[in-house]
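This report refers to the structure that appears directly beneath it.
The values are calculated or read from the model by the stated rules, or taken from the named source; none is laboratory data. Predicted, not measured: the structure shown is a model, and the values here were computed from it. Here Cβ is always computed from backbone atoms with ideal geometry, including for glycine, and neighbour counts include all displayed protein chains. When the accessible area is computed, the model is the full protein with side chains, heavy atoms only, and any ligands, DNA or RNA have been set aside. Shrake-Rupley method; radii C 1.70, N 1.55, O 1.52, S 1.80 Å.
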Amino acid sequence: MPKAPLQHVSTLGIDIGKNSFHLIGLDARGAIVLRQKLSRGQVEQRLASMPSCLIGMEACVGAHHLSRQLLALGHDVKLIPAQFVSPFRKSHKNDFRDAEAIAEAVQRPTMRFVPTKTVEQLDLQALHRVRSRLVSQRTAVINQIRTFLLERGIAVRQGLRSLRQALPDILAQRTDVLTPRMTHMIEGLMQDWRHLDERIDAVTDEIGALVAADEACQRLMSVPGVGPIIASAMVAAIGNGAAFSRGRDFGAWLGLVPKQTSTGDRTILG
């Protein structure tokens, strides 16, 4: 089936992999007319010669980049959240069945899609992910310092600032319970802490500079309680918000609604 005429394909489902992509093409009646496996470098070349059609992909790593490429070729590209594809998968899971499920799901009129992110959105999202990782690493270093001190009977008040202020005096005065080796290890952890603080401040400043030049972020910051970090994270995630028809849909996407498991005319809210 890989040599089927491309003009017969009206809907295409693509299962994205690291190195290989699996394609399932459906005709206007919904019958499979194309089943093909391509390498990453072959996808754009193969689809460049295909007449415009509806293309569905899961919203995963690399999907936004490929979506922009295919949109430039004139195709109608839709990104689907992975959890909405699973109900359309038949029998056991494999790559071709995943692609077939995507092709089925993308045709549903009530399906919800993920807007294709711009390069600027992905850059902003990457900055937030780097900052989140650095903050997690700093928290791990601080918790390790606290643990080492507690094992020697030294308790410090909660809070990052309290620990930072107390550490110099602890290392200088509590030589009765802190061995030279333990003191040296804690000093090394303090250096890691300082380095992470510098990296977090640098990334935060970069986010702040992007926010200052972004009109959407500035509008969001006019809302009380919304600062540069929240505003930029929101723009990176949803862009201009066109994916939501009203504000309550955005609130539901954030999770600001109770979980509902209603059945048999009984309304059950979590």
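Quick notes on this one:
- Inter-residue pairs, beta-carbon under 6 Å, first free of Cβ contacts under 8 Å to residues at least 60 places away in the same chain and in the range 195-215, second open to solvent by 50 Å² or more (accessible area, probe 1.4 Å), 6+ apart: GLY208/PRO228; VAL211/PRO228
- Members of the range 170-181 found to be over 42 Å from the mean Cα position of the chain (by Cα) and either hydrophobic (A, V, I, L, M, F, W, C) or surrounded by fewer than 14 Cβ atoms within 10 Å (Cβ to Cβ) (or both), listed by number: ALA172, GLN173, THR175, ASP176, VAL177, LEU178, THR179, PRO180
- For the range 107-122, filtered to residues that are part of a helix (DSSP H, G or I) and within 12 Å of the chain's Cα centre (by Cα), the residue that is farthest from LEU196 (Cα to Cα) is GLN121.
- Among residues that are under 29 Å from GLY239 (Cα atoms) and out of contact with any Leu (no Cβ under 6 Å at 6 or more places or on another chain), ASP76 is not included.
- The residue list ALA72, ALA48, ALA28, ALA59 contains one member that is within 20 Å of PRO109 (Cβ to Cβ) and out of contact with any strand residue (DSSP E or B) (no Cβ under 7 Å at 6 or more places or on another chain), which is ALA28.
- Residue in the range 36-46 that is closer than 17 Å to ARG89 by Cβ and either open to solvent by 40 Å² or more (accessible area, probe 1.4 Å) or at pLDDT 90 or above (or both) present: no
- Scanning the range 53-67 for residues that are modelled with pLDDT of 90 or more and of a type outside the set (A, V, I, L, M) yields CYS53, GLY56, GLU58, HIS64, HIS65, SER67.
- Selection of first residues in the range 241-270 that are over 19 Å from LYS117 (Cα atoms) and assigned to a strand (DSSP E or B) and of second residues that are open to solvent by 80 Å² or more (accessible area, probe 1.4 Å) and of a type in the set (A, V, I, L, M), restricted to Cβ pairs under 8 Å at least 6 apart or on distinct chains, gives the following pairs, ordered by first then second residue: GLN260/LEU269.
Okay, residues lined up against (1) of a type in the set (A, V, I, L, M, F, W, C); (2) open to solvent by less than 100 Å² (accessible area, probe 1.4 Å); (3) within 24 Å of GLN121 (Cα to Cα); (4) modelled with pLDDT under 90:
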| position | (1), (2), (3), (4) |
| --- | --- |
| LEU189 | yes, yes, no, no |
| THR204 | no, yes, yes, no |
| GLY225 | no, yes, yes, no |
| PRO228 | no, yes, yes, no |
| ASN240 | no, no, yes, yes |
| ARG266 | no, no, no, yes |
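- Counted residues, the range 97-121 - those being open to solvent by less than 50 Å² (accessible area, probe 1.4 Å) and within 26 Å of PHE250 (Cβ to Cβ): 8
- Screening ILE170, ILE186 for residues that are of a type in the set (A, V, I, L, M, F, W, C) and in contact (Cβ under 8 Å) with a residue 40 or more places away in the chain leaves exactly one candidate, ILE186.
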